[in-house]
Amino acid sequence: MVEILKLNEISNTVSEILTPNKYTITTEAKDPKAIILRSFSMHDYDMPTSVVAVARAGAGVNNIPIEAMTQKGVCVFNTPGANANAVKELVLFALLVSSRKIYEGINWTQNLEKDGAVAKQVEKGKKAFVGQEIFGKTLGIVGLGAIGKLVANAVLALGMKVIAYDPFVTSTDLAIDLTDDINQVYAKSDYITLHVPATPQTKNSINKDTIALMKDGVRIINLARGELVNNNDIKQAIANNKVAKYVTDLPSDDILGVDGIITIPHLGASTAEAEDNCAVMAANQLKDYLENGNIVNSVNFPKLQVERIGKTRVCVVSNDVKDIATKVSRSLKGIVGISGATRGDICYVIADLSNAPDKADIEALKAEALSVRVV
Ligand code: MLT
């Protein structure tokens, strides 16, 4: 049995892929081959040395120490796009809740006196909750990946205009204004929604200087990562009426109970559909890596998918980008196919052999590589 350690609750659909005849998915694995998780933080986690792969059922991987995993030869996967529709739907909610005083109105209604004339109180009091429509307004999208694209399509259908910025996207079929100047997004948008990971380049990108470029009364939506926004600066901007609303899925102590800030408890991907999609995608990727060495949607290793030929396959991860392929072909006997791919300073080589490799050859290769597996 191959043990898969789960560090969070994961949809049962994983068992349809990592089937019980071959895999045990458990919270108490002794020698797990792989880990599957959602938001568990692995930064201070003492990972069993048997682990060769980690799969995050979700898009963000800031709960995983990627560089340390790479140096251990551990492949880290995520599931880009698998929860994108769920996040898109929450963005639509955020647009509406930041425009109309729905949240304030609901709270007010719940506390009305039950005096037999609630309907009258409602009609008298509702003028305090007048909002604005999103139709005809401009939404600025920062990050035009799977979620950003779905959001763009959805809001175009609702009559909004879209301006988008993504340093990795240079053209699009969408009827939007794609700019290579993020400041244009800040300057032209009535609403801004963030769909980028938290990296050294993106952290704190919504701050007093970028807010100063924005329209008065802008509404900002952050369902991506808390670190993208400077909370002190956004609180200040709300107090000065520069920012009308900040809706975030990533609450922290300092923004709870602040007027103008709507906090959601990280529900972006919390739908049954998204949880199933992420679990299935993570499980498929893990299975193909464990059984065939193929890599799709890794965040630290190169993509490489090769049809199996021969009897066994040797998979080598190395930071000797220049010479590892030559070393593999010299070290192993009976190679019937060899392929490699590089990502930064990591090279991944798959060699198909007509027979099982010599143990001594594998041991010799291990001395040259971050990881060597026979699958
Ligand atoms: C993601 O990273 O996919 C979302 O933030 C949802 C999640 O963390 O599960």
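The values are calculated or read from the model by the stated rules, or taken from the named source; none is laboratory data. Everything numeric here is computed off the predicted structure, so don't read it as measured data. Every residue, glycine as well, gets a Cβ built from its backbone with ideal geometry; the counts of neighbours run over all protein chains shown. Surface areas here come from the heavy atoms of the whole protein model, side chains and all, with no ligands, DNA or RNA. Shrake-Rupley method; radii C 1.70, N 1.55, O 1.52, S 1.80 Å.
Can you tell me which residue within the stretch 64-80, out of those that are more than 8 Å from the ligand (Cβ to nearest atom) and open to solvent by less than 20 Å² (accessible area, probe 1.4 Å), is nearest to ASN8 (Cα to Cα)?
Within the stretch 64-80, the match that is nearest to ASN8 (Cα to Cα) is ILE64.
Which residue pairs have Cβ atoms under 6 Å apart, sit 6 or more places apart or on different chains, and have a first residue in the stretch 96-107 that is under 11 Å from GLY131 (Cα atoms) and open to solvent by less than 70 Å² (accessible area, probe 1.4 Å) and a second that is among the small types (Gly, Ala, Ser) and part of a loop (DSSP other than H, G, I, E, B)?
Sorted first by the residue in the stretch 96-107, then by its partner, the pairs are SER99/GLY131.
Return the residues of the stretch 165-206 that are charged (D, E, K, R) and either touching a residue at least 40 places away in the same chain (Cβ under 8 Å) or not in a loop (DSSP other than H, G, I, E, B) (or both); say none if nothing qualifies.
ASP177, LYS188, ASP190
Looking at (1) within 11 Å of the ligand (Cβ to nearest atom); (2) under 30 Å from LEU158 (Cα atoms); (3) of a type in the set (A, V, I, L, M, F, W, C), find the lone condition where PHE93 falls short.
Exception for PHE93: condition (1).
Report, by residue number, each residue of the stretch 189-220 that is more than 11 Å from VAL243 (Cα to Cα) and in contact with a Ser or Thr (Cβ under 6 Å, 6 or more places away or on another chain).
SER189, VAL196 - these are the residues of the stretch 189-220 that are more than 11 Å from VAL243 (Cα to Cα) and in contact with a Ser or Thr (Cβ under 6 Å, 6 or more places away or on another chain).
When the stretch 335-375 is examined, which residues are found to be closer than 21 Å to LEU304 by Cα, touching a residue at least 12 places away in the same chain (Cβ under 8 Å) and small (Gly, Ala, Ser)?
GLY337, SER339, GLY340, ALA341, ALA351, SER354, ALA369, SER371
If you check ASP31 against the conditions, is it free of Cβ contacts under 8 Å to residues at least 24 places away in the same chain, away from the ligand (no atom under 15 Å from the Cβ) and either within 22 Å of THR70 (Cβ to Cβ) or exposed (fewer than 14 other Cβ atoms within 10 Å of the Cβ) (or both)?
Values: free of Cβ contacts under 8 Å to residues at least 24 places away in the same chain: no; away from the ligand (no atom under 15 Å from the Cβ): yes; either within 22 Å of THR70 (Cβ to Cβ) or exposed (fewer than 14 other Cβ atoms within 10 Å of the Cβ) (or both): yes.
Here the answer is no, as ASP31 does not meet what is asked.
So, in the stretch 138-164, how many residues would count as being open to solvent by less than 50 Å² (accessible area, probe 1.4 Å) and either closer than 18 Å to ILE102 by Cβ or outside any helix (DSSP H, G or I) (or both)?
The total comes to 14.
Restricting attention to the stretch 207-216, does a residue exist that is within 16 Å of the ligand (Cβ to nearest atom) and in a helix (DSSP H, G or I)? Write out each step before concluding.
At the first step, the residues of the stretch 207-216 found to be within 16 Å of the ligand (Cβ to nearest atom) are none.
No, the stretch 207-216 has no match at all.
Consider the stretch 240-288. How many of its residues are within 15 Å of the ligand (Cβ to nearest atom), under 16 Å from ARG56 (Cβ atoms) and of a type in the set (S, T, N, Q)?
3
Suppose the filter is within 16 Å of the ligand (Cβ to nearest atom), modelled with pLDDT of 95 or more and either crowded, with 22+ Cβ neighbours inside 10 Å or in a strand (DSSP E or B) (or both); does ILE221 pass it?
yes
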